[in-house]
Amino acid sequence: GVERGMVFQQGALFEWLTVAENVNFGLRMKKEDPVKTAKKVEEWLEIVGLQGFGNTPTYQLSGGMQQRVALARCLINDPDLILMDEPLGALDALTREKMQSLVLKIWKETGKTIILITHSVEEALLLGERLYVMAPRPGRIHKEYNLPFANMGLTQDLREIKKNKDFSSKREEILTMIWNMEEEIMGKDN
């Protein structure tokens, strides 16, 4: 496969192409066998819950569906590393939660390394095995956490994990740390 794949905050799809054509784009550029790639496209559309939408123009899809197309387009190329830059940030709460579950499912099924950038502490806790809290000015790693919650999310509902005392405690610890860093920066600016 390719070395790395990227999923952006916005789907970065080709609006003039259908869902299937977008998912197949990388394979087509590599000039892979169209018969084999059509089967792969169908498999990935099923994995991301878009079976039956292959011929739909991407501009007709909701934001969540577009992100699933972007995810399938990345994964069909079998990258060793998946980089995700706030891929769920623009989604409504329910769609975001469904996509978080999908990311965990894909992580479990593929075993791929995923690096996820997010401003959501809750999302980072749910999806990460390792969490790096960044400090501003200059940007640097302030603290690293090893987390159990992503593995818990493979067998438990994400909403149940959010009710977990350890989860709540860790969320509050990190939010307080970030709040204090921001306050310190604001104090230096005044």
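The values are calculated or read from the model by the stated rules, or taken from the named source; none is laboratory data. For clarity, every value in this text was computed on a predicted model and none was experimentally measured. Please note: Cβ atoms are built from the backbone with ideal geometry, for glycine as well, and neighbour counts cover all protein chains shown.
To keep it simple, each residue is scored yes or no on (1) within 27 Å of E43 (Cβ to Cβ); (2) under 15 Å from the mean Cα position of the chain (by Cα).
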position	(1), (2)
L104	yes, yes
T110	yes, yes
I117	no, yes
A150	yes, yes
T155	yes, no
I161	no, no
L175	no, no
E183	no, no
G187	no, no
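Filtering the range 83-95 for residues that are free of Cβ contacts under 8 Å to residues at least 60 places away in the same chain, surrounded by 15 or more Cβ atoms within 10 Å (Cβ to Cβ), charged (D, E, K, R) and outside any strand (DSSP E or B) leaves an empty set.
Of the residues making up the range 135-170, those that are over 22 Å from L102 (Cα atoms) and either part of a helix (DSSP H, G or I) or hydrophobic (A, V, I, L, M, F, W, C) (or both) are A135, I141, K165, D166, S168, S169, K170.
Among the residues of the range 1-53, those that are under 18 Å from the mean Cα position of the chain (by Cα) and either outside the structural domain of L75 (by TED's automatic domain parsing) or aromatic (F, W, Y) (or both) comprise F8, W44. Does at least one position in the range 5-21 carry a residue that is of a type in the set (A, V, I, L, M, F, W, C), in contact with a helix residue (DSSP H, G or I) (Cβ under 7 Å, 6 or more places away or on another chain), under 24 Å from L158 (Cα atoms) and in a helix (DSSP H, G or I)? Taking every residue of the range 5-21 in turn, none turns out to be of a type in the set (A, V, I, L, M, F, W, C), in contact with a helix residue (DSSP H, G or I) (Cβ under 7 Å, 6 or more places away or on another chain), under 24 Å from L158 (Cα atoms) and in a helix (DSSP H, G or I). The listed residues are L104, L71, and the only one of them that is more than 25 Å from T37 (Cβ to Cβ) and in a helix (DSSP H, G or I) turns out to be L104.
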